[in-house]
Every structure is written in structure tokens, then in C-alpha cells.
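The structure under discussion appears below in the form of C-alpha cells.
The values are calculated or read from the model by the stated rules, or taken from the named source; none is laboratory data. All values reported here derive from a predicted model rather than from experimental measurement. Every residue, glycine as well, gets a Cβ built from its backbone with ideal geometry; the counts of neighbours run over all protein chains shown. To get the accessible areas, we keep the full protein, side chains included, count just its heavy atoms, and leave off ligands, DNA and RNA. Shrake-Rupley method; radii C 1.70, N 1.55, O 1.52, S 1.80 Å.
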Amino acid sequence: MLRLLVLSLCVAATVATNTLVLVDTLATRETHSIFLKSLQERGHEVSVKAADDPSLQLSRYGEYLYQNLVILAPGVEEFGGALSVETIVEFVDGGGNVLVAGSRDAADLIRELVTEVGVEMDEEGAAVIDHLHYDANDDGQHTLIAAPSSGLIESDVMVGPSEGTPILYRGTGLITDAENPLVLPVLRAPSTSYCYNPTHAITDYPHATGQNMLLVAALQARNNARVVVSGSLEFFSDAFIMASVQTPQGSFHERSGNGKVVEALSRWVFKEEGVLRVVSIDHHLEGEKIPPAAYTIKQDVEYKIKVERLVAGSWKPFNTTDLQMEFVRIDPFVRLTMTPNSEGVFSVTFMVPDVYGVYQFKVEYNRVGFTRLFNTTQVSVRPFTHLEYERFIECAYPYYASAISMMVGVFFFSLVFLHHKDPAPKSKAE
């Protein structure tokens, strides 16, 4: 019984997700208690520490101590311990997930960190201002934005289903490179908004305006590590999650949309949602079960791949209609959409091209909100052996006929030549 108890504790410790939360002051645990409590309820081992704690470290003896890092400390001037911008970037390169919350007064350290993931915060002191989309509780500067839910990215995996409830936001604007395919616009600013210091007169055109400005951005790296950057620390706060929203247009909502968006977005960034994996690969000749040592050109081949999706902590069969397989030799010779079944097995049957060489079965699936699915299997394709070629080819029938006619002609010529005898010449006496 004791052994079973120890084993269960070991398994629980292995399954638990370690999450480090860095804060400016420990009072953040109270102002953001709903967000932190939701992490604990989902199985995270949450460690809340001051961002300048001298004992901070992400790894020990080459092993990472945490799978996730949350930085709710926009005012930190320098990280404590062994933590730095470089170590956080290495943490992301190693597959770790990071959530960063900034503010209009974010320190240079936080600005440098988000720049490393392709996001730029507007200048210090600048806040997002909108004279049409603000909450009734605004202090008159129109910096308490009631962002329409239409600005959310169209991905239920990342932000949950849209319910039309405005989202409260007070902070700075984010600027990203629109040509960067790895950065995702999670929440766009309203088209009537701009970012500027509300205490200064506007003398220059703002750097960030309209929907070119982001309020929340995300990055999914090529190794499937995820990073979320918010220009507002209050976006995750209890006050904004529990607050009601009243817009100048007269619409009233008892609860803001922050709660559900923060819940869904935190699930996504910490890889509780939108995670795919390949379970098994199978390929063989049609009608058989074991793959051959090498395929022959023009053979019918069946390819199967089983894919699962992480749902509520357990792996479930993945189902979609746009998963494709490519048969590649430098360039794709075959590209087909596979057919799924209820068990998450995708299959396709095709004929091997009439070109021999080394090929790959290649499956690559990139969709917004999901981890990158990539799998290759190398096989050889050989030409026909001498015994496998067709004995008679239709297009060669004229040549067959000419050869046969020539043989028949030679036969009759030989018959006539052998049996023909010229008459003997007559003598003079005759």
C-alpha cells in the first residue's frame, strides 16, 4: 500500500506543470488572484516570486525547473538571480512558454524582452486612447478602452468562442511586423484608436494607430514554444475580469469579456489547448499490411497517419478535412487530401509516380492556434526489373507487324529459292 502511495505521488509530480510567476510586488497576488487561481485549478504548480529575487533561476544542471514563465512585472529594472533577457530567450528556444504583461510605464528591460519575440511597445508613457470605444468608468482621458470582441483573432482555440462582450484594456499599444508569419494578432485595437501620451499635446503623428496597433500579440515559434505579450497588466486583473462594461453608445454588459479571453488565452499559451501529436505512421501496398523494402513505380500505395489532439488534459482523436500528404522527391510529385475516420486515422491511396528515386511521405499541418504538425518518412522507389516489363506494348504493334511480315517474306523467299531449279540449257545437237 505504501509503495502504491509513493508511486502515485511520483506520477502526480511528473504530470504537474511548474509555472513561475514574477511580480513587481507580492500585492499582485491579490489583485490578480482570479488568474492565478485558475492556473492552480488546472493543475499548475504556481510559484510566485518577486522579479528581482536574488534566488531566481530557470534551470539547474541543464534541466529546466519550469515549463511556463509568467511576467507580471512591467516595472522591473533588472531581473534577480540568474534570470536575464538572454536566459528567457534560451528558455523559449528550449520549448518553454512565456506570458508577459506590460504597461504604459514598462521598463526598458521588458521592452527589450518583447522585442526579442517580434513585438515592440510604444514609447514610454504612451497609452491607447479611443474617444469612441471607452468605458463609462474612464477618468476622462479615454484610456480605459472597451475593445469590441470583433478585434479578436478568429480562433476558438486561442480566445474561445466570441460572445460579443467588450474587453477592458488600459495600457500601451503594440507594434508588430505584419510580414512575420510567427506573430499572431490576438486582439487588435479599434480603428478609431491611437497611442499617445494623454498628458501631452499631440504634435506629431502617433506611431501606432487604428487596427495596425495590437493590444495583445502572440508568437508560436518554430519549435512550438508559445509567447503572449499584452500591453496591459490590468488586462489580467480581478478588477477588469469582474467589472461591468458600459459604452458611450449605451450598451451595458454585467461582465467584461476579459475573464473568458484570459482563461482561453492562458490555456493556449501554456499548451493546454491546440496541441497536436502524431501517434503512428503506416504505409504499404494496397491490399497488404507490411511495407516492402522498396516500392516499384506505378504501384498502388496506401498511407495512414494517426493524429491526436490534447483536450482537457487528455488525448482525443483529431478530426479535420484539410490534412494533406505529399509524396516528395525534392519537389512534390503527389499532393492529396487525406480522409479521416472517427479514430483520428487519416488515409489516402495513390499510384507511385513513374520516376524512381528516394522519396518522402511528408505531412505538414500549419493552422492558427494549433502546434505545427510535421512528419516525414523516407522510402525508396525502384524501376521495373526485366521480368516486370510488359511483353507486348500496344504502341509497338506496327513494329511487331513489320518484323513478322519480314520473317514471313524471308520464309517464302527461302522456300522458293531452295525449290526453284532453272531448266538445263539445250545442246547444239538438240
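Can you confirm whether residue 179 is surrounded by fewer than 18 Cβ atoms within 10 Å (Cβ to Cβ) and assigned to a helix (DSSP H, G or I)? No: the conditions fail for residue 179. Beta carbons closer than 8 Å, at least 6 apart along the sequence or on distinct chains, pair a first residue in the range 266-277 that is at positive phi and open to solvent by less than 20 Å² (accessible area, probe 1.4 Å) with a second that is in a helix (DSSP H, G or I) and of a type in the set (Phe, Trp, Tyr) for 274/268. Number of residues in the range 327-365 that are open to solvent by 80 Å² or more (accessible area, probe 1.4 Å) and either on the phi > 0 side of the Ramachandran plot or free of Cβ contacts under 8 Å to residues at least 12 places away in the same chain (or both) equals 4. May I ask you to say which residue of 168, 184 is under 18 Å from residue 117 (Cα atoms), crowded, with 16+ Cβ neighbours inside 10 Å and in contact (Cβ under 8 Å) with a residue 40 or more places away in the chain? From the options 168, 184, the qualifying one is 184.
Within the range 330-374, track down each residue that is in a strand (DSSP E or B) and of a type in the set (D, E, K, R).
Taking the range 330-374 as the starting set, the residues that turn out to be in a strand (DSSP E or B) are 331-337, 339-340, 345-351, 357-365, 373-374.
Hits for the range 330-374 are 331, 335, 362, 364.
Out of all the residues in the range 380-390, is one or more polar (S, T, N, Q), within 30 Å of residue 306 (Cα to Cα), within 48 Å of the chain's Cα centre (by Cα) and open to solvent by 60 Å² or more (accessible area, probe 1.4 Å)? Step through it out loud before you land on a result.
Taking the range 380-390 and keeping what is polar (S, T, N, Q), we get 380, 385.
Pick out the ones that are also within 30 Å of residue 306 (Cα to Cα) and you get 380.
Filter once more, so that each one left must be within 48 Å of the chain's Cα centre (by Cα): 380.
Checking which are open to solvent by 60 Å² or more (accessible area, probe 1.4 Å) leaves us with none.
Checked the range 380-390: no residue is polar (S, T, N, Q), within 30 Å of residue 306 (Cα to Cα), within 48 Å of the chain's Cα centre (by Cα) and open to solvent by 60 Å² or more (accessible area, probe 1.4 Å).
Within the range 138-176, the set of residues being in a helix (DSSP H, G or I), farther than 20 Å from residue 102 by Cβ, of a type outside the set (A, V, I, L, M, F, W, C) and in contact with a helix residue (DSSP H, G or I) (Cβ under 9 Å, 6 or more places away or on another chain) comprises 149, 156.
Does the range 187-213 hold any residues that are in a strand (DSSP E or B), of a type in the set (A, V, I, L, M, F, W, C) and open to solvent by 80 Å² or more (accessible area, probe 1.4 Å), and which are they? The answer is none; no residue qualifies.
When the residues of the range 366-379 are narrowed to those that are more than 19 Å from the chain's Cα centre (by Cα) and in contact (Cβ under 8 Å) with a residue 60 or more places away in the chain, which ends up farthest from residue 274 (Cα to Cα)? That would be 379.
Residue pairs whose Cβ atoms lie under 6 Å apart, separated by 6 or more positions or on different chains, with the first residue in the range 214-233 and open to solvent by 10 Å² or more (accessible area, probe 1.4 Å) and the second hydroxyl-bearing (Ser, Thr, Tyr) and assigned to a loop (DSSP other than H, G, I, E, B), are 224/371; 233/103.
Checked against the criterion of being among the β-branched types (Val, Ile, Thr), free of Cβ contacts under 8 Å to residues at least 12 places away in the same chain and loosely packed, with under 10 Cβ neighbours inside 10 Å, the range 411-419 contains one or more residues that satisfy it.
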